[in-house]
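The next block holds one structure in the form of structure tokens; read it before the comments.
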Amino acid sequence: MPAKKKYNYPKSLPLLKFFWLSEAIRKNPIPFHNSFFSTYGDTFSVKIGFKRRLLLSRDKDLTKHILQGNHKNYYKSKIQTRYLSKYLGNGLLTANGDFWLKQRRLIQPAFHKEKMQQLIGLMEKTIVTELKEIPLGKPVPVFEVMNQLAFKVVGTSLFHVSASEELLKRLQYIIQEVQEFLVKEIRLPHKGWWFKLRGEIKKHKNLSEESRTIIKNIIEARKSSNETHGDLLDMLLATRYEDTSEAMSTKQLIDEITILFVAGHETTANALTFTTFLLAKHPNVCDKILEEIVQVESETVIVSEQLSKLQYTRACIDESMRLYPPAWITDRENLEDDTIGDFHLRKNTLIGVSFYELHRNPAYWERPNEFDPERFLGENKKKTAGVYYPFGAGPRMCIGLGFAIYEMVLAISYIVKNYKLSTSQDIIELNPLITLKPIGVEVKFEERLV
Ligand code: HEM
């Protein structure tokens, strides 16, 4: 009788096929993932070293296991930690283990519901200022509008009036430049030597130093002014470590603020772009949102109450993030050997979960590719538990969930209340890397007269 194998992995994608397709997969992995899942099952593996495997999954039980059930055994991979921290520093998004936990405990209170409600006024003002400038009557590149909006919302929520328009613009420029270069480095690892030779690595390190200096100056000015503004910076300055009762060091605060900028603006800009496009394609859904707004505004004038009552608007955003999850994939590595269902995995296995594919898995969703906000209303919503992860799950779930939802409901309700939307495009081209970016989405905005 053959000896029992110590490890047991899901069906394997042939190595030759993987190498053959690797260049095309690197450019846009989404269609390949879909075809591999259809052929090899909801979790498949690829050999990526002598003893190492990569697993890719759209399975709900595996996802729950690594993000929640046995999360202590699963760390974020080096792509998410080492690469990102090179320019962004070591903070919530890029740390693992005890240090991550310490930071999460410290920062979490700044994102509690009551604190977020204090930011609504500031957010609303910024959103209205940005959206009322949208040019009317011609196709508008939506991502550019939403990217600007989302950056400003994070910027003013963090720094209120402490950062001038000019400084925020410079920060936005640097953060975007550095992020784009980071993406290049991840996509083209074999060109590392070339980037170094051309001085690109040094240039981007200098840029990230410059952004750190800008943030540092704002922090020091705030500290010495003794003024309070009720913004996120105030909250982050006031928070204390449980064990020592000490505040965060300025260096750590700079890392965390940089990370909040990065994690908080592109994701939201993507979601707002996808949602605006889907609404432009579904005027009947816009009519329903409008009806809801009129109803809710007649019930209360308090904006925080209005936001929690705009359930249909929220369902449209949820459904948009089901079809196009801005954080479309995540990964983890197991610290120790582990068993998940029938699989027995050696430690250090790299596991990717495609939220994009999980959200469209025909085993969990009826008419998976259709836009239908009703899925997230009333009793229907129960069916989405465990198969819907736009903000991740478990202890590393997005800390900015409440922030993002307030921002998106404010923006989408303002758009529908003030504009009629249309588009001549039928599909959205996708650029999936760290986030799922929409390419070239154009929508026409016209003043809504009734
Ligand atoms: C639509 C908007 C957003 C989406 C879809 C989103 C999605 C996510 C997801 C899926 C994760 C978990 C990743 C993983 O487990 O590997 C995450 C983590 C995180 N997000 Fe968001 N996010 C959004 C907005 C924001 C905003 C507005 C902020 C801050 C202002 C933010 C800050 C963070 C941070 C700091 C983490 C790391 C948390 C930790 O590991 O403890 N995000 N986000």
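The values are calculated or read from the model by the stated rules, or taken from the named source; none is laboratory data. Small disclaimer: the values here were computed from a predicted structure and weren't measured. Ideal geometry is used to build each Cβ from the backbone, glycine not excepted, and the neighbour counts take in all protein chains shown.
What to note about this one:
- Cβ-Cβ distances below 8 Å connect the following pairs, each with a first residue in the range 393-407 that is under 13 Å from residue 110 (Cα atoms), a second residue that is within 6 Å of the ligand (Cβ to nearest atom) and assigned to a helix (DSSP H, G or I), and a separation of six or more residues or different chains: 399/104; 400/260; 400/263; 400/264; 403/264.
For (1) within 15 Å of the ligand (Cβ to nearest atom); (2) over 21 Å from the mean Cα position of the chain (by Cα), each residue gets a yes or a no:
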{"site": "5", "(1), (2)": "no, yes"}
{"site": "23", "(1), (2)": "no, yes"}
{"site": "47", "(1), (2)": "no, yes"}
{"site": "51", "(1), (2)": "no, yes"}
{"site": "69", "(1), (2)": "yes, yes"}
{"site": "88", "(1), (2)": "yes, no"}
{"site": "121", "(1), (2)": "no, yes"}
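- Criterion: modelled with pLDDT under 95, closer than 16 Å to residue 157 by Cα, among the β-branched types (Val, Ile, Thr) and buried (at least 19 other Cβ atoms within 10 Å of the Cβ) - qualifying residue of 268, 258: 258
Residues are listed down the side, and each one gets a yes or a no for (1) surrounded by fewer than 19 Cβ atoms within 10 Å (Cβ to Cβ); (2) of a type in the set (A, V, I, L, M); (3) at pLDDT below 95; (4) farther than 23 Å from residue 113 by Cα:
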| site | (1), (2), (3), (4) |
| --- | --- |
| 320 | no, no, no, yes |
| 324 | no, no, no, yes |
| 330 | no, no, no, yes |
| 347 | yes, no, no, yes |
| 350 | no, yes, no, yes |
| 376 | no, no, no, no |
| 380 | yes, no, no, yes |
| 390 | no, no, no, no |
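- Condition check for residue 43 on (1) crowded, with 20+ Cβ neighbours inside 10 Å; (2) over 30 Å from residue 303 (Cβ atoms); (3) touching a residue at least 60 places away in the same chain (Cβ under 8 Å); (4) within 11 Å of the ligand (Cβ to nearest atom): one failure, at (4).
- Some residue of the range 153-162 being more than 15 Å from the ligand (Cβ to nearest atom), touching a residue at least 24 places away in the same chain (Cβ under 8 Å) and exposed (fewer than 15 other Cβ atoms within 10 Å of the Cβ): yes
- Number of residues in the range 60-99 that are touching a strand residue (DSSP E or B) at 6+ places or on another chain (Cβ under 7 Å), within 21 Å of residue 401 (Cα to Cα) and part of a helix (DSSP H, G or I) equals 3.
- Of all residues in the range 353-372, those satisfying the criterion of being within 16 Å of the ligand (Cβ to nearest atom) and in contact with a His (Cβ under 9 Å, 6 or more places away or on another chain) are 354, 356, 357.
- Check on residue 142, loosely packed, with under 15 Cβ neighbours inside 10 Å and of a type in the set (Val, Ile, Thr): no
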